[in-house]
Amino acid sequence: MRISSASNPRLKQLRAASRDGGSDAQGRVRIEGPKLVHEAIRSHVLVDEVYVSDRCLRDPDIQDLLRQIPGTPDIVEISDRLFPTIVNTEHPQGLLALARIPPIQLDTLLRSSSMLLVGCELQDPGNLGTLLRSAEAFGVGGVLLTQTSVNPFNEKVVRASAGSIFRLPCLGGLESTELLRHLEWSRFHFVAATPKAAIDFRKVDYRERIALILGNEGKGLSEEVLSRVQTRIHIPMAAGIESLNVAVAASIILCEAARQRTGPEQQEVHQRLP
């Protein structure tokens, strides 16, 4: 099938879904570019539809990539003139796929994971995408986001995650008080990074069931959330530096947690969690 009219109903639906900033009415995630489409295929994500520009379709590498998509996705060719109207990127890559991410149940994730990331009011899609990459790299079981956080299937999040969003369970839109209650019932120990904390992040035992709680990029964590945190940690820094980007700080902490949790000798730690 080929589309050359700007008024085509399918293109109108694509534009509307793009403006919403998340999955479409059928729960499908927008994936743009050959690299991300390849990651989706590698991650066994079900690709429903593919929209490809005339120029892109003539590329032998793209033709080979399309042949690798399992099943029988609907492949739609779009004129080079119209393709930029269905994507938000400044430099369109000529390839857009709609894919279905398998549904995730909170209870299942709580039972199967021993370390989780909890994002409270995280709003920058680039930060969340980076967090997803680090969480997958360092063996986190999943990422949970409160109601006011960025949609995990925002196109910018998907791009910044470099494919991790396809493999790492991520649940958004959770009510914070209820989420913390579920984590407490599941015996997760709450650890939060905050500049005024007394404990060096390297002196904590991460081999327990851990929920690493991260706050808003500007405001940090609310007092209500901090009041329920058992262990507050900080990252030692040079004089004059007050804080780190939330994704950078979390990556540093997760690296230490992975060292403890996967090291062959289960290294001795300096302070046990109470």
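When Ile165 is tested against the conditions (1) crowded, with 20+ Cβ neighbours inside 10 Å; (2) in a loop (DSSP other than H, G, I, E, B), the lone failure is (2). Filtering the range 67-88 to residues that are assigned to a helix (DSSP H, G or I) and surrounded by 20 or more Cβ atoms within 10 Å (Cβ to Cβ) leaves Phe83, Ile86. Residue pairs whose Cβ atoms lie under 9 Å apart, sitting 6 or more positions apart in sequence or on different chains, and linking a residue in the range 229-244 that is in a strand (DSSP E or B) to a partner that is surrounded by fewer than 10 Cβ atoms within 10 Å (Cβ to Cβ) and not polar (S, T, N, Q), are Thr231/Pro274; Arg232/Lys196; Arg232/Ala198; Ile233/Ala198; His234/Lys196; His234/Ala198. Residues that are assigned to a helix (DSSP H, G or I) and modelled with pLDDT of 95 or more do not occur anywhere in the range 92-104. Is the range 189-199 home to any residue that is more than 21 Å from the chain's Cα centre (by Cα), part of a strand (DSSP E or B), surrounded by fewer than 16 Cβ atoms within 10 Å (Cβ to Cβ) and modelled with pLDDT under 95? Yes: one or more hits.
Cys120 passes all but one of (1) surrounded by fewer than 17 Cβ atoms within 10 Å (Cβ to Cβ); (2) in contact with a Ser or Thr (Cβ under 8 Å, 6 or more places away or on another chain); (3) over 28 Å from Leu14 (Cα atoms); which number fails? The single condition Cys120 does not satisfy is (1). In the set (1) closer than 23 Å to Asp107 by Cα; (2) out of contact with any helix residue (DSSP H, G or I) (no Cβ under 8 Å at 6 or more places or on another chain), Leu226 fails one condition alone, (1).
The values are calculated or read from the model by the stated rules, or taken from the named source; none is laboratory data. Keep in mind that what you see is a predicted model, and the values were worked out from it rather than measured. Every residue, glycine as well, gets a Cβ built from its backbone with ideal geometry; the counts of neighbours run over all protein chains shown.
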